[in-house]
Amino acid sequence: MTEAANSSHADPVIEVTDLVTHYGNTEILHGVSLTVDPGEIMVIMGGSGSGKSTLLRHLLALERPTSGSIRLLGRELTQMSEFELYALSRKMGVAFQGGALFSSMTVGENVMLPLREHTDLDEGTMEIMMRLKLEIVKLAGFENLMPSELSGGMVKRAAFARALIMDPALLFCDEPSAGLDPVVSSGLDELILRLRDALRMTIVVVTHELDSAFRIADRIAVLDRGELLALGSVDEVRNHGNPRIQNLLNRRFEEEELDPEEYLARLTGTAKEPTR
Amino acid sequence: MAPSGSARPALRVAEDIGRWTARGLDSIGFGATLISQSLYWLLMGRRRRQAVRAAPVFAEMMEIGIRAIPIVTLLSATIGVMLALQGIYSLKAFGAERQVTIGVALGVTREFAPLITGILVAGRSGSALAARLGTMVISNEVDALRVMGVNPVRYLVVPSLVAMVVMLPSLALWSDFVALFAAGLYISADLGITLGAYGQEILRVVSVDDMRHGLLKSLLFAVLITTVAIVDGSSVEGGAEGVGRVTTRSVVHGITAIVLTDMLFVFAATR
């Protein structure tokens, strides 16, 4: 938290302005703006269908937005060529939700892949760097196993090792604790905190797990139905007056207001396609 | 869905045809893009610091080509003997059994060897490629490549394409030899000519043009199989079930594309 405060005068690492995105004809994000400062852990939180995964995919330049701007490390993402994006991607690491390890390669080969593709290091050096990263995520000695031989938590840690191998300035984690037992998931939270403190990494975490979010976040962005409801420190979000945020925090299911005409239309099958 | 569509079936059929056409054109466009991008990465990759590596190309060659040799050998020998049998049977009507060599020689080199290897490789390697790519898409592995700054076409498509383009004509050539040899064994035994005389006859009948005709086709099939597999594989939707669907689809599309292209090629090359 203090580090985030100290460096708040520096240029933001990520600057999203009025981001509007569509999936087919459905508008997913309705003008989202947020900034991430150097050395902070920003947690993007929201339920299913809130648009948090969509936001992440846009931050990773996997999708092109309808309008708005995304600046990453000072560069406008939406106007970059393919090759500029590849150059930028060497400065960032991504740990995907399911790990996204290549099933045909060993854990070690998976972790070394970015080195192999982007550097001319010799085999021995790459292996040492790979083992170093595996040590950090506490997977030392597992480099010769195939991803299918690892447990869910180990796959996620291996994915972290691969995300860290190029020593990125910026790390993205998609649902690091989803589907894991509480002990393993708090281990991953510890890892994320250590990465920020030891390596001064800027970290963006997308999650729907409240406990994990409150434990690691410097700041939290709450997304709901494609809108940014709140952006602030853990306490600010906790004490936020918006009832939708309070529902989310207190795990209350939100009853939709019933519109009689729409209800009738739904029952008779003459309703329009539902919009998310 | 607007309910009016179901009220007018004719309209809905027209709509469906339109949608299929649009989707088909879309796939063809995507395939063409894939081929041109593959060529780009193959030639310019090194300059862009995204070189196509030799190791995966050789691994693919091993899988697509070398491991297919036993089954290609078996099928080619069978086709050779079958052509000899049918040829002798049908030529008997004219008392011209000895002319069977011409039919077998041209049939094998111009048509059967490239076609049978093409269909076999489409079923064996095209489907595997589609399944692998489909699995990679649904488990975010293709996204992972992109965010690691690795172009998926360069990394996944080019090795398969190069391996296919080298190995399919090689397999077709091997299939030529095996089928002609097997046919020769049967013909020499049945018609009482020596294998040497049969060989002489083959060399006299088959021209370089015939060989080129067959091998060019298998080159075309190689590009078709890879492109169809990649286009189908990357169109995957849903989970494991989706992967199964695109795998089946890629075999059907691959074989259809091969047979149709074969006919068009022969039409253009012989008329």
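The numbers here are math on the coordinates, done by the rules we state, and not lab data. Given the structure is predicted, the values throughout are model-derived calculations rather than measurements. Note that each Cβ is placed from the backbone with ideal geometry, even for glycine, and that neighbours are counted across all protein chains shown.
Is region A:10-107 rounded, prolate or oblate when judged by the Cα gyration tensor, a ≥ b ≥ c being the square roots of its eigenvalues, rounded requiring a/c under 1.5 and prolate requiring a/b larger than b/c? Before the final figure, lay out each step's value.
Numbers: a/c = 1.41, a/b = 1.17, b/c = 1.21.
Cα axes put region A:10-107 in the rounded bin.
Over chain A, with a Gaussian network built from C-alpha contacts below 10 Å, which listed residue (A:D122, A:D18, A:D167) shows the highest mean-square fluctuation?
A:D122
Compute a Gaussian network model of chain B, connecting alpha carbons closer than 10 Å, and tell me which residue from B:V259, B:V178, B:V147 fluctuates the most.
Highest fluctuation of the listed residues: B:V147.
In what order do A:H58, A:H118 fall by count of nearby beta-carbon atoms within 10 Å, going from fewest to most?
Details: A:H58 23, A:H118 19.
Going from sparsest to densest Cβ surroundings: A:H118, A:H58.
Among B:M44, A:M92, B:M164, what is the fewest-to-most ranking by other Cβ atoms within 10 Å? The partial results should precede the final answer.
On the way: B:M44 12, A:M92 25, B:M164 28.
Going from sparsest to densest Cβ surroundings: B:M44, A:M92, B:M164.
Per-residue mean of other chain beta-carbon atoms within 10 angstrom of the beta-carbon, peptide A:117-127? The partial results should precede the final answer.
Numbers: counts 11, 5, 1, 1, 0, 0, 0, 0, 0, 0, 0.
Averaged over the peptide's residues, the number is 2.
When the label point is put 7 Å from the Cα of A:F83 along its Cα-to-beta-carbon vector, which residues of region B:4-47 have a backbone N closer than 15 Å?
B:40-47
Of the residues A:T119, A:T35, A:T54, which exhibits the maximal mean-square fluctuation in a Gaussian network model of chain A defined by a 10 Å Cα contact cut-off?
A:T119
So, with +1 on the Cβ of K and R and -1 on the Cβ of D and E, and no other charges, what is the size of the charge dipole of region B:54-270 about its Cα centre, to the nearest 20 debye? It would help to have the intermediate numbers written out before the result.
Working: 13 positive and 15 negative charges, 18 e Å.
For this selection, approximately 80 debye.
Specify which residue in the list A:L85, B:V178, A:L228 is farthest towards the positive end of the charge dipole of the protein assembly as shown, using unit charges on the beta carbon of Lys, Arg (+1) and Asp, Glu (-1), about the Cα centre.
B:V178
Assuming R0 = 41 Å, can you tell me the calculated FRET efficiency for the pair A:L145 and B:S90, based on Cβ-Cβ distance, to the nearest 0.05? Present the calculation step by step, with values, prior to reporting the outcome.
Working: r = 60 Å, r/R0 = 1.47.
So the FRET efficiency works out to roughly 0.10.
Given a Förster distance of 56 angstrom, what is the FRET efficiency for A:S69 paired with B:F181, based on the Cβ-Cβ distance and rounded to 0.05? Intermediate results must be reported in sequence, preceding the final value.
Numbers: r = 68 Å, r/R0 = 1.21.
Rounded to the nearest 0.05, the efficiency is 0.25.
In the protein assembly as shown, what is the count of Lys pairs whose alpha carbons are under 22 Å apart, counting only pairs at least 8 residues apart or on separate chains?
Lysine pairs, 8 or more places apart or on different chains, close enough: 5.
By how many nm would the segment from B:S36 to B:A269 lengthen if fully extended, with 0.36 nm per residue of separation less the alpha-carbon distance?
81.4 nm
Note down the relative contact order for chain A as a percent, whole number, built from C-alpha pairs under 8 angstrom at least six residues apart.
Details: 482 pairs, mean separation 65.7, N = 276.
The value is 24 percent.
How high is the FRET efficiency between B:L191 and B:T256 when r is their beta carbon distance and R₀ equals 41 Å, given to the nearest 0.05?
Details: r = 38 Å, r/R0 = 0.92.
The value I calculate is 0.60.
Would you mind computing, in nm to one decimal, how far apart the modelled labels at B:L74 and A:R251 are, each placed 7 Å from Cα along Cα→Cβ?
About 5.7 nm separates the two model spin labels.
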